[in-house]
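Report on the following structure.
The values are calculated or read from the model by the stated rules, or taken from the named source; none is laboratory data. The model shown is predicted, which means the values in this text are computed figures rather than measured ones. Note that we place each Cβ from the backbone using ideal geometry, even for glycine, and neighbour counts take in every protein chain shown.
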2 protein chains.
Amino acid sequence: MEFSKITKSMKTSEIREILKLIENPEIISFAGGLPAPELFPKDEIISLTAEIINIEGNEALQYGTTEGYNPLRKAILEQRLIPFGMKGSIDNLLITSGSQQGLDFSGRLFIDEDDIIIVEKPSYLGAINAFRTYGAKFVEIPMDQDGMIVEELEKALNLYPKAKFIYTIPDFHNPTGITMSIERRKKLAEIANIYKIPILEDSPYGELVLEGERLPTIKSFDTDGYVIYFGTFSKTFCPGLRLGYIFADENVINKYVTLKQSSDLQCSSLDQRILAYYLNNYDLDKHINKIKQVYRKRRDLMFECMDKWLPKEIEYTRSRGGLFTWLKLREDMDTVKLLEEALKFNVAFVPGGSFFANGGVKNYLRLNYSNMPEERIVEGTKRLCELLQNYY
Amino acid sequence: MEFSKITKSMKTSEIREILKLIENPEIISFAGGLPAPELFPKDEIISLTAEIINIEGNEALQYGTTEGYNPLRKAILEQRLIPFGMKGSIDNLLITSGSQQGLDFSGRLFIDEDDIIIVEKPSYLGAINAFRTYGAKFVEIPMDQDGMIVEELEKALNLYPKAKFIYTIPDFHNPTGITMSIERRKKLAEIANIYKIPILEDSPYGELVLEGERLPTIKSFDTDGYVIYFGTFSKTFCPGLRLGYIFADENVINKYVTLKQSSDLQCSSLDQRILAYYLNNYDLDKHINKIKQVYRKRRDLMFECMDKWLPKEIEYTRSRGGLFTWLKLREDMDTVKLLEEALKFNVAFVPGGSFFANGGVKNYLRLNYSNMPEERIVEGTKRLCELLQNYY
């Protein structure tokens, strides 16, 4: 068989292969981006499913519109967007199969082979992989503790005026855990207008604020429709239903809708209703507060353990929200090799290399603190720190 | 914003715009491809959802593997594939968001811009649109009452030796309702081996046999792994859960899995379990028999009405299964214009033009007989026939 050029260049990630080993339940895994499952609203979902099918009957199982179930679009708009300063109507919203599908569609919508796109250094590997599928070339913008450095971004935009879009994760960045400052958010919205370049604002963790206030989104500063905002319920409700959304200018949303139509027609009619009924019958904010309490405790515990046992030379992000922290090791260290060693002690993390779109960086690692119960956080962090002490 | 080349060439279909009008419930619509919703197993889904969440707990709402929920893959293999002569293991199966997603992925897996692919004349418009998104050029193979004419196919393969794949709907073809003969199925499997070209066998209606026996799939004659089989539960269970599958050689499936990973990670964990539990706790064959009884009645009624009232010059397919029949009108007639007229009498169909990948044909129309209750089938067919009588 003769595949397409892109397919021929696809490879399975070495990390994915390593991560398969982690399915062993003895391993204390800080690797995944999994939310804590014990918080999923199971009973509510059981009773809502019965209610939905009893009330809506066949409609709940029939084909629906590509744009999404209207009461869900309305609830997202009114509950998750407008209160956070974003303006629009349900015509600005498309329901997607997680925000991953929105990122993948963005690749198809914008990228021709060898087009340049701009990402943070490092950036979310699922986005990098999706964009790479369309033949993108990456320009990486360095970050500091306030997020993407905008001076570097402007340099890049002047150097590459044909860049197709800027992809950013301003809230509790994956993998670094960094929060972009409010000044930079404003500046990014301005830059989009000046350079007439779309900004893809990916915010899967924005609502998981563990410290301080939630900062306004870049989208809330958008005046000319250049910001495309991606949200998801994978971290605040549950990931198994695969529900996310794109919020953007109506002209842009219409293009995403056309793509979704030929890609998979629509998201699950039942799952969309489960979420819509949940949003309209329960208090998601209250539920998120419960999640945050648990994650805050786990995060604090991991940070405490690292402060106690981690070699002082190693820097890590004191993330103010989200699921991750990010460790910088000595420059000569390779965290893929370190993972192999760590697995001997039944502890796992994600090596940082794959988060660098153009590769070449090996001395970082990402830790997740949301998925493991407290005693395993202590034990796992201890094992990892002890392993690292051998190198310092 | 500067979109990709493909995006710039996208247009909204004129038909989609017309079909929006059909949402009016007064209209008797033979337009959609919708299954009859009154047959959806609603009570079973309510009780299964409770059972699933009670038994599997958090797992049912958490992230799962990209390949799909293993008990679902196993049930599909054992219940829907092996009994129909197809051989393999669950490693040959990927769960997709309806078979539409499988078709879309096939476009990305095989098609570079301007690549040639081979389709029936006419063919399913959702597939045509998905392939077109990747810049495909189409070679159309004429059909007769036994399906794609293989002599014409071989001519095309000799003329276009670089063609990337052959796309076919052998069972109760959409839109024509035609069933491919067993000899041609065998011949297609041979051709795939000789020309080393993949065959995409799309069979959304294969299990909806209304007359005679189910014919063996092309895949069941596949010896060298060139046939990629697409199945779905949209017509036999319910479309709202968006569950289909790809069944193919393991090397090929692995490439589809890599694509799914970057596209949307996985299908709904809950919906996959609902279907798996249904397959393992109820009798889908019995359920399909119920569906077939209803559709058979509706089909027979529509055919009776057409035999009574349709101008004798108009040919239509006496479909032996599936959801559709296909009418050939006088060559100077344009069914897009006819639809506008029909809507004045509150009856709708799909004009046939969009099913021709290279356009240029206007005098066909597709009727669906599965979605309307019997009295509306009589009334709607009568109105349509009366309208057509004005032209003959």
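At-a-glance table
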quantity	calculated
Qualifying residue in segment A:25-41 (condition: touching a strand residue (DSSP E or B) at 6+ places or on another chain (Cβ under 6 Å) and assigned to a helix (DSSP H, G or I))	no
Among residues of segment A:99-151, those that are of a type outside the set (Val, Ile, Thr), more than 12 Å from chain B (Cβ to nearest Cβ) and over 25 Å from B:Glu113 (Cα atoms), counted	13
Every residue from segment B:177-202 that is touching a Gly at 6+ places or on another chain (Cβ under 6 Å) and without any contact (Cβ under 8 Å) to a residue 60 or more places away in the chain	B:Met180, B:Arg184
From the options A:Ile218, A:Ile274, A:Ile291, residue that is hydrophobic (A, V, I, L, M, F, W, C), in the same structural domain as A:Gly85 (by TED's automatic domain parsing) and over 27 Å from A:Glu56 (Cα atoms)	A:Ile218
Hits in segment A:80-125 (condition: among the polar types (S, T, N, Q) and within 20 Å of the chain's Cα centre (by Cα))	A:Thr96, A:Ser97, A:Ser99, A:Gln100, A:Gln101, A:Ser106, A:Ser123
Selection status of A:Asn289, free of Cβ contacts under 8 Å to residues at least 40 places away in the same chain and either in a helix (DSSP H, G or I) or in contact with a Ser or Thr (Cβ under 6 Å, 6 or more places away or on another chain) (or both)	yes
Test: residue in segment B:282-298 that is within 14 Å of chain A (Cβ to nearest Cβ), of a type outside the set (D, E, K, R) and more than 23 Å from B:Thr176 (Cα to Cα)	yes
Qualifying residue in segment B:177-198 (condition: touching a Ser or Thr at 6+ places or on another chain (Cβ under 9 Å), crowded, with 24+ Cβ neighbours inside 10 Å and among the polar types (S, T, N, Q))	yes
Hits in segment A:39-52 - residues which are without any contact (Cβ under 8 Å) to a residue 60 or more places away in the chain and either at positive phi or of a type outside the set (Ser, Thr, Tyr) (or both)	A:Lys42, A:Asp43, A:Ile46, A:Ala50
Selection from segment A:69-98 of residues that are buried (at least 24 other Cβ atoms within 10 Å of the Cβ) and either within 13 Å of chain B (Cβ to nearest Cβ) or over 26 Å from B:Pro239 (Cα atoms) (or both)	A:Tyr69, A:Ile95, A:Thr96, A:Ser97, A:Gly98
Condition met for B:Thr317 (at pLDDT 95 or above and in contact with a Leu (Cβ under 6 Å, 6 or more places away or on another chain))	no
Filter result for B:Glu313 (assigned to a loop (DSSP other than H, G, I, E, B), more than 20 Å from the chain's Cα centre (by Cα) and outside the structural domain of B:Leu215 (by TED's automatic domain parsing))	yes
Residue among B:Leu159, B:Leu188, B:Leu243 that alone is away from chain A (no Cβ under 14 Å) and under 24 Å from B:Gly322 (Cα atoms)	B:Leu188
All positions within segment B:334-392 that are under 23 Å from the mean Cα position of the chain (by Cα), more than 30 Å from B:Ala136 (Cβ to Cβ) and surrounded by fewer than 20 Cβ atoms within 10 Å (Cβ to Cβ)	B:Pro373
Condition check for A:Ile76: outside any helix (DSSP H, G or I), touching a helix residue (DSSP H, G or I) at 6+ places or on another chain (Cβ under 8 Å) and modelled with pLDDT of 95 or more	no
Candidates B:Glu59, B:Glu26, B:Glu38 - the one that is of a type in the set (Asp, Glu) and more than 9 Å from chain A (Cβ to nearest Cβ)	B:Glu26
Any hit, segment B:122-135, residues being modelled with pLDDT of 95 or more, over 20 Å from B:Leu367 (Cα atoms) and either basic (Lys, Arg) or surrounded by fewer than 24 Cβ atoms within 10 Å (Cβ to Cβ) (or both)	no
Residue in segment A:116-129 that is outside any loop (DSSP other than H, G, I, E, B) and among the hydroxyl-bearing types (Ser, Thr, Tyr) present	no
Subset tally (residues that are free of Cβ contacts under 8 Å to residues at least 24 places away in the same chain and outside any strand (DSSP E or B)) for segment A:136-172	6
Segment B:248-275, residues that are hydroxyl-bearing (Ser, Thr, Tyr) and in contact (Cβ under 8 Å) with a residue 12 or more places away in the chain	B:Tyr256, B:Ser263, B:Ser268, B:Ser269
Complete set of residues in segment A:99-114 that are surrounded by fewer than 21 Cβ atoms within 10 Å (Cβ to Cβ) and either at negative phi or assigned to a helix (DSSP H, G or I) (or both)	A:Asp112, A:Glu113
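This table checks each residue for (1) surrounded by 19 or more Cβ atoms within 10 Å (Cβ to Cβ); (2) in contact with a Ser or Thr (Cβ under 9 Å, 6 or more places away or on another chain).
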| site | (1), (2) |
| --- | --- |
| B:Ile246 | yes, yes |
| B:Lys255 | yes, yes |
| B:Ser268 | yes, yes |
| B:Gln272 | yes, no |
| B:Leu301 | no, yes |
